[in-house]
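Student: My questions will all concern the structure given below.
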Amino acid sequence: MREDVPGRANVTDTPALTAYYDEIEKLDAGALWTVANEIEPWEPQSASHAMLWRYADLRPHVLRSLDLVTPEQAGRRVIYLANPGRRDVAAAVGGLYTGLQVMKPGERASAHRHSSSALRFIMEGSGAYTIVDGHRVTLGRNDFVITPNGTWHEHGVAADGSTCIWQDGLDIPLVNALEANFFEVHPDLTQPVRHPVDDTTGIWGGAGLLPATGNWTRAHSPLLKYEWETTYAALRAHAKAGGGTPFDGAILQYINPVTGGPVMQTIGAAMQLLPPGEQTRAHRHTGSTVYQCAKGRGWSVIGGKRFDWAERDIFVVPSWTWHEHVNADNNDDACLFQFNDLPVIRALGLYREEAYPGDYGRHPITG
Ligand code: 1HN
């Protein structure tokens, strides 16, 4: 791809040059000016498509997998979301993977650990739990739990619970792109619970309060679970106090309480609240985002295309893609859960953000 722009590659093929290219190709080498304009685009060119997966479409298939495979056979019973532009690496968007995992009461999946970091966001059912490095965490609707890289983790549903579906989010495509992924199955397939149930909530989950003694030196948040009720109450208060941004409405990041930084080194997460009838302004930034509608209904305009969402629908915004959000309900809040790769983007000095200069893609709210 030639470009007639000073500073860009713009070389006319000649018989001498094509013969030259053939010769150096035999040495597994190439002339940079033949590829430079492709490999150095003017701005990020995401291979990922803007996408929305409707829960109503996926749910029956997710439930059908209950009768088709066991967690023992499958390792984990998950239907993953495959972005057509990133099928080769099983990504939902950019370097992020996501899937829907389903478990029946009394089932459990084997304990394991890997270099990828993971999170779960509970969609339906009761009695779900995760054990992370000996901490048992009970999980309810819209709760969010982290299983940071290197931690032993396993999931299950209590015998007196109901069938549970949750969203898994991982940085697998990113860690695989870095060729740094290790995976281990726990030698006993399960791990002992070594702490009181939900202890990390009691120890680290005080609003604005931290233990007066003791230290935490690991890179991820010591608080493993972020409960919906607490999150929603904080968002409501934040919105009422005038907090928020023109691009996201009221938005709060889930944080590591010790550092104030993201919950894990590679994955950040947030919950945003769009007040009734809210229509945000469009912006774009580097980094990939996976959203789940946790409450309400509305739509987002992503890269010029409108995606209507209802509770539990999942959609993605690729890097450097314009997006804006609308709460279609004039009487109730809409909440969007998201996870993203912004901790990586920021740590590497790659964050960039831009507001859309005009009234791009702003639709009248019809109710
Ligand atoms: C994983 O460990 C889980 O722990 C779920 O339940 C999905 C997808 C790819 C690789 C590891 C889990 C996963 C995964």
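The values are calculated or read from the model by the stated rules, or taken from the named source; none is laboratory data. Treat the numbers as computed from the prediction; the structure is a model and nothing was measured. Reconstructed Cβ throughout: ideal geometry from the backbone, glycine too, with neighbour counts over all protein chains shown.
Student: Given the criteria in contact (Cβ under 8 Å) with a residue 60 or more places away in the chain and out of contact with any helix residue (DSSP H, G or I) (no Cβ under 7 Å at 6 or more places or on another chain), does His195 qualify?
Tutor: yes
Student: For the range 85-97, which positions are over 18 Å from Ala269 (Cα atoms) and either of a type in the set (Phe, Trp, Tyr) or more than 10 Å from the ligand (Cβ to nearest atom) (or both)?
Tutor: Gly85, Arg86, Arg87, Asp88, Val89, listed by residue number.
Student: Then there is this: Scanning for something part of a helix (DSSP H, G or I), touching a residue at least 24 places away in the same chain (Cβ under 8 Å) and surrounded by 14 or more Cβ atoms within 10 Å (Cβ to Cβ), does the range 67-86 turn up at least one residue? Lay out the reasoning, then the answer.
Tutor: Taking the range 67-86 as the starting set, the residues that turn out to be part of a helix (DSSP H, G or I) are 67-68, 71-74.
Next, only the ones that are touching a residue at least 24 places away in the same chain (Cβ under 8 Å) stay: 71-72.
Still in the list and also surrounded by 14 or more Cβ atoms within 10 Å (Cβ to Cβ): 71.
Yes - at least one qualifying residue is present in the range 67-86.
Student: Could you tell me whether the range 97-115 includes any residue that is touching a strand residue (DSSP E or B) at 6+ places or on another chain (Cβ under 8 Å), aromatic (Phe, Trp, Tyr), in a strand (DSSP E or B) and farther than 25 Å from Leu235 by Cα?
Tutor: Yes.
Student: Any idea which residue in the range 104-113 is farthest from the ligand (Cβ to nearest atom), counting only those that are free of Cβ contacts under 8 Å to residues at least 60 places away in the same chain and in contact with an Asp or Glu (Cβ under 8 Å, 6 or more places away or on another chain)?
Tutor: Pro105
Student: State the number of residues belonging to the range 251-302 that are surrounded by 20 or more Cβ atoms within 10 Å (Cβ to Cβ), part of a strand (DSSP E or B) and β-branched (Val, Ile, Thr).
Tutor: 5
Student: I would also like to ask the following. Can you tell me which residues in the range 304-351 are within 26 Å of Ile255 (Cβ to Cβ), over 14 Å from the mean Cα position of the chain (by Cα) and of a type in the set (Phe, Trp, Tyr)?
Tutor: Hits for the range 304-351 are Trp309, Trp320, Tyr351.
Student: Separate question: Would you pick out the residues in the range 114-126 that are within 12 Å of the ligand (Cβ to nearest atom) and buried (at least 22 other Cβ atoms within 10 Å of the Cβ)?
Tutor: Correct list: Ser116, Ser117, Ala118, Leu119, Arg120.
Student: Report, by residue number, each residue of the range 226-245 that is touching a residue at least 40 places away in the same chain (Cβ under 8 Å) and assigned to a loop (DSSP other than H, G, I, E, B).
Tutor: Across the range 226-245, the qualifying residue is only Glu227.
Student: Suppose the filter is over 26 Å from Cys293 (Cα atoms), among the hydroxyl-bearing types (Ser, Thr, Tyr) and in a loop (DSSP other than H, G, I, E, B); does Thr12 pass it?
Tutor: Spelling it out, Thr12 is indeed over 26 Å from Cys293 (Cα atoms), among the hydroxyl-bearing types (Ser, Thr, Tyr) and in a loop (DSSP other than H, G, I, E, B).
Student: If you take the residues of the range 148-187 that are under 16 Å from Pro71 (Cα atoms) and in contact with a helix residue (DSSP H, G or I) (Cβ under 8 Å, 6 or more places away or on another chain), which of them is farthest from the ligand (Cβ to nearest atom)?
Tutor: Once the filter is applied, the top-ranked residue is Thr163.
Student: Let me ask something additional. Could you list, in sequence order, all residues of the range 128-147 that are within 12 Å of the ligand (Cβ to nearest atom) and more than 13 Å from Ala111 (Cβ to Cβ)?
Tutor: Listed by number, the residues that qualify are Ala128, Val145, Ile146.
Student: Tell me, which strands (runs of 3 or more DSSP E) wholly within the range 130-176 include 1 or more residues that are within 13 Å of the chain's Cα centre (by Cα)?
Tutor: Passing ranges, in order: 144-147, 164-170.
Student: Moving on. Would you confirm whether or not the range 88-111 contains a residue that is within 30 Å of Trp320 (Cβ to Cβ), out of contact with any Phe, Trp or Tyr (no Cβ under 6 Å at 6 or more places or on another chain) and of a type in the set (D, E, K, R)?
Tutor: yes
Student: Looking at Leu100, Leu81, which is the one that is within 14 Å of the ligand (Cβ to nearest atom), modelled with pLDDT of 95 or more and closer than 16 Å to Asp171 by Cβ?
Tutor: Leu81
Student: Is one or more of the residues making up the range 41-50 outside any loop (DSSP other than H, G, I, E, B) and hydrophobic (A, V, I, L, M, F, W, C)?
Tutor: No, there is no match, as no residue in the range 41-50 is outside any loop (DSSP other than H, G, I, E, B) and hydrophobic (A, V, I, L, M, F, W, C).
Student: Looking at the range 227-250, can you tell me whether even one residue there is surrounded by 20 or more Cβ atoms within 10 Å (Cβ to Cβ) and within 16 Å of the chain's Cα centre (by Cα)?
Tutor: Within the range 227-250 (the criterion being surrounded by 20 or more Cβ atoms within 10 Å (Cβ to Cβ) and within 16 Å of the chain's Cα centre (by Cα)), the answer is no, since none of the residues qualifies.
Student: Filter the range 196-215 down to the residues that are assigned to a loop (DSSP other than H, G, I, E, B) and of a type in the set (D, E, K, R) and list them by number.
Tutor: Within the range 196-215, just Asp198 meets the criteria.
Student: Could you tell me which residue of the range 127-164 is surrounded by the most Cβ atoms within 10 Å (Cβ to Cβ), considering only residues that are touching a residue at least 60 places away in the same chain (Cβ under 8 Å) and small (Gly, Ala, Ser)?
Tutor: Of everything passing the filter in the range 127-164, Gly140 is surrounded by the most Cβ atoms within 10 Å (Cβ to Cβ).
Student: Going through the range 116-129 one residue at a time, which ones are in a loop (DSSP other than H, G, I, E, B) and within 15 Å of Phe339 (Cβ to Cβ)? Break it down stepwise before answering.
Tutor: Our first condition is that a residue be in a loop (DSSP other than H, G, I, E, B); within the range 116-129, this holds for 116-117, 125-127.
Residues satisfying the conditions are Ser116, Ser117.
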